[in-house]
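First up is the structure itself, then whatever we jot down about it.
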Amino acid sequence: MYKNDFESLRLFTVNRPAAMVLASLLLVLAAFSGITQLKQTTDYRVYFGKNNPQLQAFEDFEAQFEQKELLVVGIEADDGDIFTPDSLAAVRELTDRGWELPYALRSTSLSNFQNSYAVGDDIIVEALVPEEGPISADRARAIKDFALQSDEIVGNTAAADGGSAAIYITTPLPRINLEAEVPEVADAIRALTAEIDSKYPGHQFHISGVIMLNDAMAQTTRYDLTHLFPAAYLLILFGLIAYFRRLIPALATWAVVILSTLAAYGSAGWMGITMNAASMASGMIVMTLAVADCVHVLVTYYYGIEKRQSKTQAMAESLRLNLQPVFLTSITTAIGFLSLNFSDSPPFRDLGNIVAVGVIFAFLLSVFFMPALMMWLPAKGKAASQTRWTDGLADFVIQHQRKLLLGVGVVILALSAGIPLNRFGDNYAEYFSEEIPFRSATDFLNEKVVGMQQLQYTLRSEEPGGVNSPEFLQSLAKLQAWYEEQPNVRKVISILDIHKRLNKTMHGDDETWYRIPDSQELAAQYLFFYELSLPQGLSLNTMVDPDKQLTRFIVLMDTVDATTLTTLGSNAQAWMQANLPASMVGNAEAVGIGQMFAQIARRNFTSMIGGMLVALVMISGLMMLMMRSLRIGLISLIPNIVPALMGFGLWGLLVGKIGISLAIVGSMTLGIVVDDTVHFLSKYLRARREGNLSAEEAVRYAFHNVGSALTLTTIILAAGFLVISLSSYQLTEHMGQLTSLTILLALVCDFLFLPPLLIKLDGKTKNTATKSDSTPDH
C-alpha cells in the first residue's frame, strides 16, 4: 500500500469513526461466521501427516494383527493380592463384560488365558480361571502358583508381585464420527469399572490405552478453554488497567483482543482446519499478541492529549508515527508463524496459520477499529507512559556501553553453549499432567504391571507356514535373547513362548521339553490343534497372520525418553541385519505410538530449521527495506536471533528435554521478539534522521518514547505465555514456558545489548535531518 493510501485511511479513521467501526465489525463478523465450519478432533494421529512413514508402518501393523484402539484396564487389589477368590472373580467379570463394550472385538486377561496341559494321553486347553461359578481358595492358590511362574502372564496380564492385573480390550472404532465414538467407549469403560468396583469393593481401577489417550486430549482441551482462556482475558484486562490507570483504553484494547481471537477461530473454519489440543492454543497466543499494537498507538495518543491536542489531532499523529512500525511488526510476526508450515506435524502448521491470520486482524483492528472507537470515548488525564525510570536506564546503558557490550555478549555465548545439553525427551504419556486420569493410569501400569512403552515388529518367514520352522524360531529366539539383555527392556512377547509351551504339553508337561519343536511339521501340528481348542474370539490372529508367514514381536519397556527409544530401535535394526536372515528382517522396523512420537520430534526439529532460516531471511529483508538501511537491518539480526539461542541454551541447563512442540519455538519467537526491535529501531532512526541526533542521544530518545511501552508489552506477552504454560497438556505447557523465557530474554537484549551495539556500529555515521527542528516528534 502506498503512503498516500495510508494517509487517506488514517484521516478517514479519525474523521469518520462510525463508518470505520461498522466496517471493522462487519469484517470480523464475516470471518467469525466460519466458526460453523470449524471441526475438532481428539485423535492423536493428527500429529502425523498422511505421508508420515512411521504412521503408515504403524497402521499397516495394526491392520495385520487386529490391534486398533486398545483399552488397557489395570485392576489393583487393596490387600496386595489379586489372586484371592474375590479379586479373580472381579478380573473375570470385567474381562467377560469387556466383550459388551461398544465396538469391542476382543477381551483378554489372566482369567481367560488359554492354558494347556496334559492329562494322560489327552491335551486340555481351557481358561486359567473357571468361566463361571465360585472360585475356591484352593483353586485361587493354584492359579496364583501357576500364573506367577508363567513367562506369558507375568509382566503382561499380571504383576510380578501378584498385587495387580491388566485386562486388554480391543475396540476398533468405525471412525465415522471419532469425536462421538471415543467418549462413547471411554464413558462405557468408566461405567463398567464403577459397577465392578461396587460389586467387588477393595479394588482400584486404572484405565489406559489408545482410547483413553484420545479421551485425555479432549479433557485437556476442555480444561484450557474453561480455565486458561478466562484467566488470560482477565490478566490482560487488569494489566492494561494497571498500566493506563484508566478503564477506557483498557476496554478498547480488550475489545481488539476479543475480536481478533474470534476472527482467528472463524478464519480457521473457513480454512478447513480441524482443531486439536495443540492448535487450540492459537487463540490464547492471538489474544496475547493483539495487545502490543494497541499499546503503542494508545501511548502516543495519550501523549498528544497531555499536550492539549484534540482527540482527532492526537490520534492522527499517533497513527502517523506508529502505522509503519506496527505494520512491520505485524507482518514479521505473521511471517514467523507462517514459517510453521515447514513443520512435519499438521497441528503446528494449523497453529501457525491461525495465529498469522489473527495477527493480521489484530493489526487492522488496532489501527482502524480501535482509533475510531476512541473518537467516541472521553480522553482525559495524563499520559500513561512512565518514562522516568527508562530515562535512568538510558543513562546507565550509555554510560556503561562498552562493559554492557562485552558482558552481555559473554552471557549470550555462555547461555547459548547450553544448547547441546538438550536431548529429545518426548513420551506421549507424559504429555498430560498427573491430574489427568490417563496419565496416572499409564504410570501405574508402567510401574506395576506391564511396560506401556513398546517397540513392535512384523517379522517375515520365507514361505506360508514358515513361522513354524525351527530355523525361523531359532532366529526369533536369538532376537528375543538379544533384546532381553538390553537396558530398560522388561519383557519380550512372541509366538516362541506358545511353541515352547505346546511342545512341553505334548510331552506330558515335562519341563525338559520346554523348547522349540524339532520339526516344522510337529510345530505346525501342535499350533493347529491348539487353535482348534481356542474359544471364539481368542484366536492367534493377534500374533500370526492366517498364512502363518508373518508374526508379531513385542518388546515391553520401562518409561524412557525419545532419544533412548530411538537409539534402541536403531541398535536393534543394525543387530538384526547383521545376525538374522535377510528374508526375516526385510523392511522390518520398530513401530509403536512411542516410536512415532519420538521420530516426529526429530523430524519436526529438522524441518523447522529450514522454516526458521526462511523466516529469518524474509524478516531481515523486510526490515532492511522498511528501514531503508542495510546496516541497521544487519544489526537487527542479532537481537532477533540471540534470544532463541539463549532460551534454548538456558532450557538445556535447567530442563534438558525437548519435544515436538519446542521445535516451533525458534520460528515462533523470531516473529514475536522482532516487535521490540522494530519499535526501538524505528524511534532510534526517527531521532537520527528527523532530529539529526547522535547515536547516544537517539538511544536516549528511543528509551524515553518506547521503553515503557516495550516493557508493558513484554510483560503481557510473557505473562500470557505463562498462562498458556499452565495447560494440563505438556506440549502446550513447554511451548508456553520456553516462549515466555525467550520473550523476556529478548527485552534484556533490546535494552542492554542492542543500544551499545548501535552506538558502536552506527555511532560514526552522519545523518541528515529531514526537519528544521532538531527534535523529532514523540
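The values are calculated or read from the model by the stated rules, or taken from the named source; none is laboratory data. Since the model is a prediction, treat every value here as computed from it, not as a measurement. Counting neighbours? That spans all protein chains shown, and the Cβs are built from the backbone with ideal geometry, glycine included. What goes into the accessible areas is simple: the full protein's heavy atoms, side chains included, and nothing from ligands, DNA or RNA. Shrake-Rupley method; radii C 1.70, N 1.55, O 1.52, S 1.80 Å.
Of the residues that sit in region 732-746 and are within 18 Å of E430 (Cα to Cα) and open to solvent by 10 Å² or more (accessible area, probe 1.4 Å), which one is farthest from the chain's Cα centre (by Cα)?
Among them, the one singled out is Q737.
Among the residues of region 539-553, are any more than 37 Å from the chain's Cα centre (by Cα), over 30 Å from D675 (Cα atoms) and of a type in the set (S, T, Y)?
Yes: region 539-553 contains one or more residues that are more than 37 Å from the chain's Cα centre (by Cα), over 30 Å from D675 (Cα atoms) and of a type in the set (S, T, Y).
Restricting to helices (runs of 4 or more DSSP H) lying wholly in region 172-284: which have 2 or more residues that are modelled with pLDDT of 90 or more and among the charged types (D, E, K, R)?
178-199
Mind checking whether some residue in region 129-146 is part of a loop (DSSP other than H, G, I, E, B), more than 26 Å from F444 (Cα to Cα), open to solvent by 30 Å² or more (accessible area, probe 1.4 Å) and among the polar types (S, T, N, Q)?
There is at least one residue in region 129-146 that is part of a loop (DSSP other than H, G, I, E, B), more than 26 Å from F444 (Cα to Cα), open to solvent by 30 Å² or more (accessible area, probe 1.4 Å) and among the polar types (S, T, N, Q).
To keep it simple, each residue is scored yes or no on (1) open to solvent by 10 Å² or more (accessible area, probe 1.4 Å); (2) β-branched (V, I, T); (3) closer than 28 Å to S661 by Cβ.
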site	(1), (2), (3)
P183	yes, no, yes
A194	yes, no, no
T226	yes, yes, yes
F229	yes, no, yes
Y243	yes, no, no
A250	no, no, no
V256	no, yes, yes
L259	yes, no, yes
A264	no, no, yes
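P53 versus (1) under 23 Å from the mean Cα position of the chain (by Cα); (2) more than 30 Å from D547 (Cα to Cα): which is the lone unmet condition?
Looking at each condition in turn, P53 falls short on (2).
For region 570-672, which helices (runs of 4 or more DSSP H) that fit wholly inside it have 3 or more residues that are among the small types (G, A, S) and at pLDDT below 90?
The helices (runs of 4 or more DSSP H) meeting that bar are 593-627.
Find the residue count for region 337-380, including only residues that are outside any helix (DSSP H, G or I) and surrounded by 22 or more Cβ atoms within 10 Å (Cβ to Cβ).
Counting residues in region 337-380 that are outside any helix (DSSP H, G or I) and surrounded by 22 or more Cβ atoms within 10 Å (Cβ to Cβ) gives 3.
Just the residues that are among the β-branched types (V, I, T) and open to solvent by 20 Å² or more (accessible area, probe 1.4 Å), please, taken from region 479-497.
Answer for region 479-497, where residues must be among the β-branched types (V, I, T) and open to solvent by 20 Å² or more (accessible area, probe 1.4 Å): V489, I493.
Given the conditions (1) without any contact (Cβ under 8 Å) to a residue 24 or more places away in the chain; (2) closer than 30 Å to L761 by Cα, report the number of the one that V397 does not fulfil.
For V397, the failing item is (1).
Rundown of residues vs (1) at pLDDT 90 or above; (2) within 12 Å of S164 (Cβ to Cβ); (3) in contact with a Leu (Cβ under 8 Å, 6 or more places away or on another chain), yes/no style:
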{"position": "A57", "(1), (2), (3)": "no, no, no"}
{"position": "E66", "(1), (2), (3)": "no, no, yes"}
{"position": "E76", "(1), (2), (3)": "yes, yes, no"}
{"position": "T84", "(1), (2), (3)": "yes, no, no"}
{"position": "P102", "(1), (2), (3)": "yes, no, no"}
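For A166, only one of the following conditions fails: (1) modelled with pLDDT of 95 or more; (2) surrounded by fewer than 19 Cβ atoms within 10 Å (Cβ to Cβ). What is its number?
If we test A166 against (1) modelled with pLDDT of 95 or more; (2) surrounded by fewer than 19 Cβ atoms within 10 Å (Cβ to Cβ), just (2) comes out false.
Can you pull out the residues in region 498-512 that are buried (at least 17 other Cβ atoms within 10 Å of the Cβ), without any contact (Cβ under 8 Å) to a residue 12 or more places away in the chain and not in a helix (DSSP H, G or I)?
none
Q577 versus (1) under 31 Å from the mean Cα position of the chain (by Cα); (2) farther than 30 Å from F680 by Cβ; (3) surrounded by fewer than 16 Cβ atoms within 10 Å (Cβ to Cβ): which is the lone unmet condition?
(1)
Which ones in region 532-572 are in contact (Cβ under 8 Å) with a residue 24 or more places away in the chain and over 25 Å from R460 (Cβ atoms)?
Within region 532-572, S533, P535, G537, D558, T559, V560, D561, A562, T563, T564 qualify.
Residues of region 733-760 being in contact with a Pro (Cβ under 9 Å, 6 or more places away or on another chain) and among the small types (G, A, S), which ones?
Matches in region 733-760: A746 only.
Go through A334, A429, A394 for me and flag whichever is open to solvent by less than 20 Å² (accessible area, probe 1.4 Å), touching a Leu at 6+ places or on another chain (Cβ under 9 Å) and of a type outside the set (F, W, Y).
From the options A334, A429, A394, the qualifying one is A429.
Return a yes/no flag: does region 528-538 have any residue that is modelled with pLDDT of 90 or more, open to solvent by 20 Å² or more (accessible area, probe 1.4 Å) and under 23 Å from A590 (Cβ atoms).
The answer is no; no qualifying residue exists.
Residue by residue, here is whether (1) closer than 25 Å to T157 by Cα; (2) aliphatic (A, V, I, L, M) holds:
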residue	(1), (2)
V14	no, yes
I35	no, yes
T42	no, no
K50	no, no
K68	yes, no
P85	yes, no
P102	yes, no
S111	yes, no
A118	yes, yes
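Every residue in region 617-636 that is open to solvent by 40 Å² or more (accessible area, probe 1.4 Å), within 13 Å of L670 (Cα to Cα) and in contact with a Ser or Thr (Cβ under 9 Å, 6 or more places away or on another chain), please.
M618
Of the residues R308, R320, which is more than 21 Å from the chain's Cα centre (by Cα), surrounded by fewer than 22 Cβ atoms within 10 Å (Cβ to Cβ), charged (D, E, K, R) and not in a helix (DSSP H, G or I)?
Just a single option satisfies the conditions, and that option is R308.
Given the conditions (1) over 30 Å from M212 (Cβ atoms); (2) open to solvent by less than 20 Å² (accessible area, probe 1.4 Å), report the number of the one that V449 does not fulfil.
Only one criterion is unmet by V449, namely (1).
Determine which member of the set A524, A481 is in contact with a Gly (Cβ under 7 Å, 6 or more places away or on another chain) and small (G, A, S).
Of A524, A481, the one residue that is in contact with a Gly (Cβ under 7 Å, 6 or more places away or on another chain) and small (G, A, S) is A524.
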